[in-house]
Structure formats: structure tokens, C-alpha cells
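The next block holds one structure in the form of C-alpha cells; read it before the comments.
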Amino acid sequence: MISIVVPTLNEEKIIEETLKSLRQLEGDYEIIVSDGKSTDKTVEIAKKYADKVVVYDGTTRQNIAMGRNLGAKEAKGEYLLFLDADVTIPDINNFFNKIKEIFKKNKKLVGLTVFVKVFPETSTFSDRLFFGLINTANYFFNNILNTGSAIGEFQMIPIDSFKKLNGYNEKIVVGEDAEMFSRLSRIGKVRTESSLNVFHTSRRAHNVGWFSLVTFFIKNRIYLSLFKHSSVKEWKPIR
């Protein structure tokens, strides 16, 4: 069984399309929406499609690591799939048939990601260039070096491995996705499956620009390496 965890915060513009797409999946799975106190119709929409909707009730703002962990606590599956709210999986049943075969053949596999691309209708040259570089880098760090690297759009982890690491590091505001795969690589094999793609909006890059975004991520990676925390205290949502 696969538990699909989708963290949300004010995602009324896109969440219905995402969940409808996931509902095309056949077989044994559950959809868990983990909401960080949305003030729009996200929760109302999610309840129409998700098996479970859990809403954060803390007093401080929930970051995405906290959202993923909260959703994972509700999971009953053998595998956790963490998926961003603006991500769509093409040919979803064939996609997951391949995923199942990969885990079946690789018993030591503790973390799987795929190539991430931008929806063709909105994709720019810069999107194709930078995501090409990101995907190639993740492939190199996972499949060749096994040191672990992945972005949060798609991360699939056996629940036993996830629990062994106590989930995502909630002290990390930005970069918790790559940090998770780095820790996973120390207890088993991590992999980027280059034959499989998911699509997303790239809304942050389109909003702030690729140069600013890449500059920030380089700075943040340095901070994480040196100080074990993000370079910012809050990750501003872009909707």
C-alpha cells in the first residue's frame, strides 16, 4: 500500500486538479492531505477527494517538513510518497507499476525520486535548462555517489526507513528535502529514476526569477552545510 502525503497551505487554485489526477490511480493506496491552517477553500476541496485531511493545530506557523511529518503520522501504507500540491503524475498507473518493480528489485532502496519537469504549456527555456541541471545533479548524487539529493516535488520512502530517521528535520525551513535524502543514503540506497517524470508549475521560479532562486538555494545549501539550519527563518508561500 502507498500512502500519498500532500502538504498544503492555501492551495485552492490547484489542489482539486492534483487530487483528481491522483484518484485515477488503481490499486491499494490512500491520499492524505496535511494542511497548515489554510484560510481559503483548500480543506473544503481536499475533503471531497482525500481519504484523510489532517489540519495543523499549532500556534506557530507550520513549515513543510512539519506538514509532511504530520501527514506521515496518519499513514497506513508500506511506502510513503510525498508529493507537492502542484504536481501531476502522467500515465499514473503505468508510472506506479514501474515504481513497484523498482522497489521489488532493489531491496536496499530507501529513497526514490524521479525527474521533475514543468508543465509543457507553461515551460520556458530557463525551466528546461535549470531543471535539466537539477535532475542531472540529483541523478549523479543518488545513482553514482549515493550521497543523496532530491527536491520535494516527489520523494518516495519505505515507511520503516522514514521512521528510522524520525522523519523530516523540522528545524530546517528550506532544504529539508535534500537533507532527508542525504540521511537516507547513510542507511541504504537512494535513486533517481530518469525514465519517469512528474510535472509541476515552477511557480516560485516564475515569480522570483531563476537567477534569484538559484542564488538563494546555493546560499542556503552553504548555510545548511556549515550551520545545520536554513539561511532564512520562514519560506514565503507563492500561490
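Rule-based calculations on the coordinates, nothing more; no lab input. None of the values given here were measured: they were computed from a predicted structure. Ideal geometry is used to build each Cβ from the backbone, glycine not excepted, and the neighbour counts take in all protein chains shown.
Surrounded by 19 or more Cβ atoms within 10 Å (Cβ to Cβ), within 18 Å of the chain's Cα centre (by Cα), closer than 27 Å to Phe217 by Cβ and not aromatic (Phe, Trp, Tyr): which single residue out of Gly71, Gly132 fits that description? Working first, answer last.
Working: Gly132 fails: surrounded by 19 or more Cβ atoms within 10 Å (Cβ to Cβ).
On inspection, the qualifying residue turns out to be Gly71.
Let me spell it out: the conditions are (1) within 20 Å of Gly152 (Cα to Cα); (2) of a type in the set (A, V, I, L, M); (3) in contact (Cβ under 8 Å) with a residue 60 or more places away in the chain, and Met1 meets all of them except one. Which number is the exception?
Single failed check for Met1: (1).
How many residues are under 19 Å from Asn169 (Cβ atoms) and exposed (fewer than 14 other Cβ atoms within 10 Å of the Cβ) when one looks only at segment 220-239?
So the first thing to find is which residues in segment 220-239 are under 19 Å from Asn169 (Cβ atoms), and the list is 220-235.
Then drop every residue that is not exposed (fewer than 14 other Cβ atoms within 10 Å of the Cβ), which leaves 222, 225-228, 232-234.
Residues in segment 220-239 being under 19 Å from Asn169 (Cβ atoms) and exposed (fewer than 14 other Cβ atoms within 10 Å of the Cβ): 8 in total.
Quick one: how many residues across segment 185-211 are buried (at least 16 other Cβ atoms within 10 Å of the Cβ), of a type outside the set (Phe, Trp, Tyr) and under 24 Å from Phe130 (Cβ atoms)?
Qualifying residue count, segment 185-211: 15.
What number of residues within segment 168-200 are in contact with a strand residue (DSSP E or B) (Cβ under 8 Å, 6 or more places away or on another chain) and under 28 Å from Ser231 (Cβ atoms)? I'd like the intermediate steps shown before the answer.
First, the residues of segment 168-200 that are in contact with a strand residue (DSSP E or B) (Cβ under 8 Å, 6 or more places away or on another chain): 177, 180-181, 184-185, 187-194, 196-200.
Still in the running and under 28 Å from Ser231 (Cβ atoms): 177, 180-181, 184-185, 187, 190, 192, 198, 200.
Looking only at that region, the number is 10.
Residue by residue through segment 73-98, note down the ones that are closer than 22 Å to Arg204 by Cβ and hydroxyl-bearing (Ser, Thr, Tyr). Even if it seems obvious, please write down each step before you answer.
First, pick out the residues of segment 73-98 that are closer than 22 Å to Arg204 by Cβ: 81-90.
Scanning segment 73-98 gives a single hit, Thr88.
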